[in-house]
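Undergrad: Here it is: the structure, laid out below.
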Ligand SMILES: Cc1cc2nc3c(=O)[nH]c(=O)nc-3n(C[C@H](O)[C@H](O)[C@H](O)COP(=O)(O)O)c2cc1C
């Protein structure tokens, strides 16, 4: 599927059909996740593929009882192992880079799931300790996101976004366009004439 179509189709899916997911699809999802960038190319990302009903239930409970997680045929838990980057980046590596590296890989999972005709959700509300116990994680390894994946059983309803003119600032905070037309002119017209906005 073309990238723009994938981006526009993607939304968090929280209800799944009982149908199982083909192993080739999970393989392609993991393979794409592995294309994620990482700070210093130190690759702290680890992927735990969960299909066992008991482990899925424990993950759902660890995620503040978001029980739809247990109903997904497959759950991928993206983790980060700071032992791979602390030697170079210390605290910034352990906290910030690990989180970003894990989040980038998670986004690739969400997008590839759409491309494979599947639905997925990123779950960030969970008790780290309970997730670590459910997955038998080494003490240093941090869970970053729980991603249930399956065939969507939800109507294709999409959430809107805050207007872009509120979110885009030129050169410094607060220097914004007054209307969406003004924003388009600033971004499209000026950038074609002058690459520095
Ligand atoms: C860091 C983060 C944590 C999230 N945690 C949860 C969660 O615990 N449970 C959940 O149902 N959705 C969770 N979401 C999904 C958001 O609620 C969702 O992305 C947002 O409502 C926009 O919906 P959309 O992605 O379908 O456009 C999380 C998203 C992010 C980025």
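Every number in this text was worked out from the coordinates using simple rules, so none of it is lab data. Since the model is a prediction, treat every value here as computed from it, not as a measurement. We place every Cβ from the backbone using ideal geometry, glycine too, and count neighbours over all the protein chains shown.
Undergrad: Name the shape class, rounded, prolate or oblate, that the alpha-carbon gyration tensor gives for the range 1-160, where a ≥ b ≥ c are the square roots of its eigenvalues, rounded holds for a/c under 1.5, and otherwise prolate holds if a/b is larger than b/c and oblate otherwise.
TA: Judged from the Cα gyration tensor, the range 1-160 comes out oblate (a/c at least 1.5, b/c at or above a/b).
Undergrad: On a 0 to 90 degree scale, rounded to 10, what angle separates helix 53-62 from the longest Cα axis of the chain?
TA: 50 degrees
Undergrad: Does the range 79-197 classify as rounded, prolate or oblate by the C-alpha gyration tensor (a ≥ b ≥ c root eigenvalues; a/c under 1.5 gives rounded; else a/b over b/c gives prolate, otherwise oblate)?
TA: oblate
Undergrad: What does the highest-first list of 173-186, 95-108, 116-129 look like by mean Cβ count within 10 Å? Before the final figure, lay out the partial values.
TA: Values: 173-186: 12.0, 95-108: 20.0, 116-129: 17.8.
Packing order, densest peptide first, comes out as 95-108, 116-129, 173-186.
Undergrad: While we're looking at this one, here's another question. For helix 98-115, report the angle its Cα long axis makes with the longest principal axis of the Cα atoms of the chain; keep it between 0 and 90° and round to the nearest 10°.
TA: Between the helix axis and the principal axis of the chain, the angle is about 90 degrees.
Undergrad: May I ask what percent, to the nearest 5, of DSSP beta bridges between residues of the range 3-150 are antiparallel?
TA: 95 percent
Undergrad: If I fit a long axis through the Cα atoms of helix 23-33 and take the longest principal axis of the Cα atoms of the chain, what angle between them do I get, 0 to 90°, rounded to 10?
TA: Here the helix axis deviates by roughly 50 degrees.
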